[in-house]
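Here's the structure we're looking at; comments come further down.
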Ligand SMILES: Nc1ncnc2c1ncn2[C@@H]1O[C@H](COP(=O)(O)OP(=O)(O)OP(=O)(O)O)[C@@H](O)[C@H]1O
Ligand SMILES: [Mg+2]
C-alpha cells in the first residue's frame, strides 16, 4: 500500500478533526478523499505529509511510519496545499528554481528541473512571466509542478481545483492524469463528486473525521442511484402525466415538486432515459419548460450514504 491509515485520531483543543479515520491507497492509483467543509480532509493530508502529529492510530506512506520515520516519508512525497504556495512577484521558472534549491538541488539541476516541469505542465511559453499575470489554472499547474520537483512516488493534492472555472479545472485534471500515467500515486481531497469521478480509481467519503463510505466511483454512484432526470412541465396540470411517464422510464417513484412544476427520479442509463422521456412527453403532447440530467450533489450523496442522519 502507498498509503495505509488505521484509526487515526487528531484533536485540536476541544475540536475533533479525525475520529478514527481509515484509508488504503494502492500504488499507482488515484484516491479521491471526498468530504464537505470541516470533514477533516486537510488534517488527514497534514498528518500523512508529517506536518502534524496524530494523537493516536497508525499511518504509513510509501512503507514508512509518518510518526516514527518522518524524514523517510518526506523524501517520498510531494504536497500541493489548499492555498497556493508560489510567489506572485517571481516568474513561474524562478518559483520552480527556488523550490529546487529548497530541496537541495544544485543550481544547474534546479534550472534543468524547472524547464522540464514547465514543459510538462504546459507552462513553457509563460514560464518567464510573473505569476501575478497567470490565470487560476496556470497557477494551480505551477503548484503541481512545485510539488513534483523531486518526482515523488506519492503526491498529496488538497482541493486542487477549488475556485477554478471549468476550463482551468480541465487543465489541472489533465495535468494530474499525466502524472498518474507516469506511475505517481495520488491522494487528492475534494468537495466535488464530479472531480473524484473524473480522476479517482477509488473514493473515500469522509465526514466528521471518519470514513463513512468507500469504493470505485461506479460503485458509489450505483449505491446512490446514479444521475437524476428532471422534467419541468409548462403547465402544473400536466404534472401527474409527466410523473407517470418518468415512473415507467426510471422504474422508481419520482419526487414531485408541485410549486416548481418539477418531477425528478434517479436513472441508470442516462442517455437512454433522456431520449425516452423526450419522446414520450412529445408523443403525449405535454409542453415542457426544461429537461435536465443532473449528477447527484455531494449533499445528496451524504444524505443517501447516511440515511439522512447526518447533521450539518
Ligand atoms: N489548527 C487547527 N486548530 C483548531 N482547529 C482546527 C485546526 N485545523 C483544523 N481544525 C478543525 O478541525 C476540523 C477539520 O478541519 P480540516 O481543515 O481538516 O477540514 P477540511 O475537510 O479540510 O475542510 P475544508 O473543506 O474547509 O478545507 C474542522 O472543524 C476545523 O475547524
Ligand atoms: Mg481543507
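Scattering from the chain was approximated by placing one identical point on each alpha carbon and applying the Debye formula without solvent; log10 I(q)/I(0) at 0.14 1/Å stands at -1.03. Taking the chain as a Gaussian network of alpha-carbon nodes connected by springs under 10 Å, the highest mean-square fluctuation of the residues 194, 22, 165 belongs to 165. Largest GNM mean-square fluctuation across 258, 180, 45, computed for the chain with C-alpha springs under 10 Å, falls on 258.
What share of the DSSP beta bridges in the chain is antiparallel, in percent to the nearest 5? Don't skip to the answer; put the middle values down first.
Working: 36 of 54 bridges.
Beta bridges within the chain, antiparallel portion: roughly 65 percent.
Over the chain, what is the relative contact order in percent, taking alpha-carbon pairs closer than 8 angstrom and at least six residues apart? Please report the intermediate quantities before stating the final value.
Numbers: 596 pairs, mean separation 59.4, N = 312.
Relative contact order, the chain: 19 percent.
Distance between Cα centroids, the range 53-126 to the range 153-207: provide it in whole Å. After rounding, the separation between the Cα centres reads 17 Å. Relative to the longest principal axis of the Cα atoms of the chain, helix 107-120 runs at roughly 20 degrees. Taking the Cα atoms only, what angle lies between the long axis of helix 92-102 and the longest principal axis of the chain, rounded to 10 degrees? Tilt of helix 92-102: around 50 degrees. DSSP beta bridges fully contained in the range 227-294 are about 100 percent antiparallel.
Modelled this way, with points 7 Å down the Cα-to-C-beta line, the labels at residue 6 and residue 173 are 3.6 nm from one another. Helical content of the chain, expressed as a calculated mean residue ellipticity at 222 nm, amounts to -11000 deg cm²/dmol (DSSP H runs of 4 or more residues, -39,500 (n - 2.57) each, divided by residue number, nearest 500).
Here the Gaussian network model covers the chain, with springs between Cα atoms less than 10 Å apart; of 157, 123, 274, 274 fluctuates the most. Taking the number of Cβ atoms within 10 Å of each Cβ as an exposure proxy, the fewest-first ranking of 15, 221 is 15, 221. Counting every pair of alpha carbons in the range 227-294, the share spaced more than 13 Å apart comes to 54 percent. Relative to the longest principal axis of the Cα atoms of the chain, helix 239-250 runs at roughly 60 degrees.
No value in this document is a laboratory result; all are computed from the given coordinates. In this text the structure is predicted, and so the values were computed from the model without any measurement. Ideal geometry is used to build each Cβ from the backbone, glycine not excepted, and the neighbour counts take in all protein chains shown.
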